[in-house]
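Below is one structure, written out as structure tokens, with a few remarks after it.
The values are calculated or read from the model by the stated rules, or taken from the named source; none is laboratory data. Being a predicted model, the structure only gives us computed values, none of them experimental. Glycine also receives a Cβ, built like all others from the backbone with ideal geometry; neighbour counts cover every protein chain displayed.
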Amino acid sequence: MQFNVLVVDDSAVMRQMILRTLRMSGLPLGELHEAANGGQALDVLRTAWVDLMLLDINMPVMNGEEVIDHLRADPETADLKIIVVSTERSDARIERLAAKGVAFVHKPFTPESLRDVIVDITGISHEQPAASEIALLGDGLDF
């Protein structure tokens with residue numbers, strides 16, 4: 001079974017890094033969508049089915065926490081799997097996000113750590129990437 005992913009980050013470079021990591025992860029991906037802010041993310045969700053959202057917190061227009069609150073208040077999106085990918089270091093804010101049912105990955109992250117959190121929260125299985133793909137993942141470099 002494939003799953004569709006929405007990557008939401010105001011940095012185009014970070015969105016591309018996350019998408020590249022996803023493509024090389026061995027996870028069974030379907031459609032990959034992007035949004036540069038929370039407002040755009042909500043627009044994508046109106047027109048596309050998404051199984052998982054990777055969401056930055058600190059963005060213009062509508063920040064990630066506002067997006068989460070909006071999604072959790074809507075019965076159609078209340079159970080959407082969300083992973084916050086952020087530089088956020090405030091323990092109080094991270095605890096508040098966890099209480100909203102989201103997972104958290106700190107930037108910078110390793111491709112393996114992001115993949116492992118995705119596997120953990122979705123329960124989806126993955127194939128181990130080939131040795132050549134592992135080398136392309138960055139040889140342990142953080143994104």
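List every residue pair whose Cβ atoms lie under 8 Å apart, where the two residues are 6 or more positions apart in sequence or sit on different chains, the first residue falls within the range 34-51 and is in contact (Cβ under 8 Å) with a residue 60 or more places away in the chain, and the second residue, located anywhere, is part of a helix (DSSP H, G or I) and among the β-branched types (Val, Ile, Thr).
From residues that are in contact (Cβ under 8 Å) with a residue 60 or more places away in the chain, the pairs are Asp51/Thr122.
Among the residues of the range 23-61, write down those that are in a helix (DSSP H, G or I) and out of contact with any strand residue (DSSP E or B) (no Cβ under 6 Å at 6 or more places or on another chain). Walk me through how you get there before you give the answer.
Step one: filter the range 23-61 for residues in a helix (DSSP H, G or I), giving 23, 38-47.
Result: Arg23, Gly38, Gly39, Gln40, Leu42, Asp43, Leu45, Arg46, Thr47.
Name every residue in the range 52-68 that is touching a residue at least 40 places away in the same chain (Cβ under 8 Å) and of a type in the set (Asp, Glu), in order of residue number.
Asp56
Would you mention how many residues in the range 70-94 are out of contact with any Asp or Glu (no Cβ under 8 Å at 6 or more places or on another chain), more than 25 Å from Ile124 (Cα to Cα) and either assigned to a helix (DSSP H, G or I) or not acidic (Asp, Glu) (or both)?
Final tally of qualifying residues: 7.
Is it the case that Ala36 is of a type in the set (A, V, I, L, M, F, W, C), touching a Pro at 6+ places or on another chain (Cβ under 9 Å) and under 24 Å from Thr21 (Cα atoms)?
Values: of a type in the set (A, V, I, L, M, F, W, C): yes; touching a Pro at 6+ places or on another chain (Cβ under 9 Å): yes; under 24 Å from Thr21 (Cα atoms): yes.
Yes, satisfied.
If I go through the range 1-16 residue by residue, how many of them are buried (at least 17 other Cβ atoms within 10 Å of the Cβ) and over 16 Å from Val84 (Cβ atoms)?
1
Working carefully through the options Ala73, Ala98, find the one that is modelled with pLDDT of 95 or more and either more than 18 Å from Val5 (Cβ to Cβ) or in contact with a helix residue (DSSP H, G or I) (Cβ under 8 Å, 6 or more places away or on another chain) (or both).
Numbers: Ala98 fails: modelled with pLDDT of 95 or more.
Exactly one of Ala73, Ala98 is modelled with pLDDT of 95 or more and either more than 18 Å from Val5 (Cβ to Cβ) or in contact with a helix residue (DSSP H, G or I) (Cβ under 8 Å, 6 or more places away or on another chain) (or both), namely Ala73.
Consider Val105 carefully, then state whether it is closer than 23 Å to Gly123 by Cβ and touching a helix residue (DSSP H, G or I) at 6+ places or on another chain (Cβ under 9 Å).
On the way: closer than 23 Å to Gly123 by Cβ: yes; touching a helix residue (DSSP H, G or I) at 6+ places or on another chain (Cβ under 9 Å): yes.
Here the answer is yes, as Val105 does meet what is asked.
Here are the criteria: (1) touching a His at 6+ places or on another chain (Cβ under 6 Å); (2) free of Cβ contacts under 8 Å to residues at least 12 places away in the same chain. Tell me which single one Leu27 does not satisfy.
Tallying (1) touching a His at 6+ places or on another chain (Cβ under 6 Å); (2) free of Cβ contacts under 8 Å to residues at least 12 places away in the same chain, Leu27 fails exactly one: (2).
Restricting to the range 66-102, name every residue that is closer than 21 Å to Trp49 by Cα and either buried (at least 18 other Cβ atoms within 10 Å of the Cβ) or of a type in the set (S, T, N, Q) (or both).
Matches in the range 66-102: Val67, Ile68, Leu71, Thr77, Leu80, Lys81, Ile82, Ile83, Val84, Val85, Val102.
Is it true that some residue in the range 33-49 is in contact with a helix residue (DSSP H, G or I) (Cβ under 7 Å, 6 or more places away or on another chain) and either surrounded by fewer than 13 Cβ atoms within 10 Å (Cβ to Cβ) or modelled with pLDDT under 95 (or both)?
Within the range 33-49, not a single residue is in contact with a helix residue (DSSP H, G or I) (Cβ under 7 Å, 6 or more places away or on another chain) and either surrounded by fewer than 13 Cβ atoms within 10 Å (Cβ to Cβ) or modelled with pLDDT under 95 (or both).
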